[in-house]
1. Would you confirm, using the coordinates I've provided, whether Asn31 is under 27 Å from His443 (Cα atoms), modelled with pLDDT of 95 or more and surrounded by fewer than 19 Cβ atoms within 10 Å (Cβ to Cβ)?
2. Looking at Cys406, Cys459, which is the one that is more than 28 Å from Ile264 (Cβ to Cβ) and assigned by TED's automatic domain parsing to the domain that holds Thr22?
3. Looking only at the range 231-240, which residues are of a type in the set (Gly, Ala, Ser), within 44 Å of the chain's Cα centre (by Cα) and not in a helix (DSSP H, G or I)?
4. Out of (1) assigned to a strand (DSSP E or B); (2) under 21 Å from Val11 (Cα atoms); (3) hydrophobic (A, V, I, L, M, F, W, C), the odd one out for Ile79 is which?
5. Which residue, of Gly44, Gly64, Gly70, is of a type outside the set (A, V, I, L, M), touching a residue at least 12 places away in the same chain (Cβ under 8 Å) and on the phi > 0 side of the Ramachandran plot?
6. Mind counting the residues in the range 370-411 that are surrounded by 15 or more Cβ atoms within 10 Å (Cβ to Cβ), among the polar types (S, T, N, Q) and over 15 Å from Val432 (Cα atoms)?
7. Please enumerate the residues belonging to the range 79-138 that are in contact with a Gly (Cβ under 6 Å, 6 or more places away or on another chain) and more than 14 Å from the ligand (Cβ to nearest atom).
Amino acid sequence: MTDPTATAAFVGAFWDEHIVPTITDYIRIPNKSPAYDANWEANGHMEAALQLALAWLRAHPVAGMQVEVGRLPGRTPLILLDVPAVGGVEGTVLMYGHLDKQPEMTGWREDLGPWKPKYEDGKLYGRGGADDGYALFASVCSLLALAEQGVARSRIVVMIEFCEESGSPDLPAYVDHFKDVIGTPDLVVCLDSGAGNFEQMWSTTSLRGILGGTLDVNVLTQGVHSGDASGVVASSFRIARNLLSRLEDPDTGRILPEALWAEIPEDRRRQAARAGETLGAAVHQRFPWAGEMQPTSEDPTECVLNRTWRPALSITGIDGVPSTSDAGSVLRPHTKLKLSLRLPPTVSGEAAGEVLTALFRDDIPYNAQVIGDFSDVAGGWNAPPLAPWLEQTLDEASITYYGKPCLHMGEGGSIPFMGMLNAKFPDAQFVVTGVLGPNSNAHGPNEFLHVPYAKKLTCCITDVLAGHATRRG
Ligand SMILES: [Zn+2]
């Protein structure tokens, strides 16, 4: 096994000297995921991020490491590291991360910005450092920490994609393309997830699915004087509101169609109760509430289950509506809503899309022209049960480096490819974890990478790789 003192010393120094400066440079590169930068190829930011990673890998090689860059035509690239086993250990660990980013988003603190790194009180601010720029560098750091101590481990494959924030459309093709290199991993380590707090290790046991779509309610072919038409022509907003009440209870937000709900497994309920007990009110206090606004439930465990195992609707965009400062006295011709429906881990996104299509098809008020498109789906994922050796290793590692046990909780967001990887490698164990703790705000303004937390997580992953070599049955 590893010597925790030596691991912590190596990892801490390596992060300070070789990872923080590189992620600082990485934050400066606006390599938005293809869904947010249609001209990504011509703009060259993705290539710049790729070259930064490759230069870093040349400077920090692991013995025997092969670096491959996949460049399938018409697709984003992919970095694949193939690192031979040490000490004749069998098996393969697949480690995953991504080097594409969410778009800028507004609301950044005045002295911060998405492409403007700032390191302050252990937090490295800027887009993409925590989600998920650190993963490649932290993975290599773990391998170097093991090498320094001469600890045996299995073969490691590190896979870094460039289109995760677009839903990983290119990843399946690369998993096929590199199937001989990847082999059949018995452990998958994904470093792109959340943490309930910055005080212990968190393993993600499930992810919600997501169904994206648009609901476009058309009442006129062009806008008209609202004094003239209102009372005769129904408001497209009111009709949209009425239709939405078929999907969710406007008082409670409860999603109404039973087909969009799932039975919550008993072990997940138990883990949610333990997480709720540990986190208490922090489950909801971490959100930037306006005024006296209250959460949907005061019960922390209910909050955990609401955000991980129950469906919920957000309206994330509206077309056909001017800003309040530009709004004239017009009865608008249409209202188009962007719907984002989070789904329980085990509910099929495609089936949910059919439910919504049917829901908004018939008995439309005033026979308004309603166009629904609910085809943008990403499946959820419920992890296979943890093998005893892995559960024990996670717990011991968390106690060693954080002083507290590892907790297990679902995440409310999606990592679209997890279900795909799980389907491809049904016998593999999964460690899905990350540094996206309270207020780290991936996708929003003021995203930060909590460096002290990330260092300890790197130590924990180092121990997981060592444990994988010696403890597996
Ligand atoms: Zn991510």
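The values are calculated or read from the model by the stated rules, or taken from the named source; none is laboratory data. What you are looking at is a predicted structure, and each value in this text was computed from that prediction instead of being measured. Neighbour counts are summed over all protein chains in view; Cβ atoms, including those assigned to glycine, are modelled from backbone coordinates with ideal geometry.
1. It is false that Asn31 is under 27 Å from His443 (Cα atoms), modelled with pLDDT of 95 or more and surrounded by fewer than 19 Cβ atoms within 10 Å (Cβ to Cβ).
2. Unique residue meeting the criteria: Cys459.
3. Matches in the range 231-240: Ala234, Ser235.
4. So the condition that Ile79 fails would be (2).
5. Gly64
6. Qualifying residue count for the region: 1.
7. Within the range 79-138, Pro84, Thr92, Met105, Pro117 meet the criteria.
Residue by residue, here is whether (1) closer than 30 Å to Ser398 by Cβ; (2) over 25 Å from the mean Cα position of the chain (by Cα); (3) surrounded by 13 or more Cβ atoms within 10 Å (Cβ to Cβ) holds:
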| site | (1), (2), (3) |
| --- | --- |
| Gly12 | yes, yes, yes |
| Tyr26 | yes, no, yes |
| Gly44 | no, no, yes |
| Met65 | yes, yes, yes |
| Gly70 | no, no, yes |
| Pro73 | no, yes, no |
| Val83 | yes, yes, yes |
| Met95 | yes, no, yes |
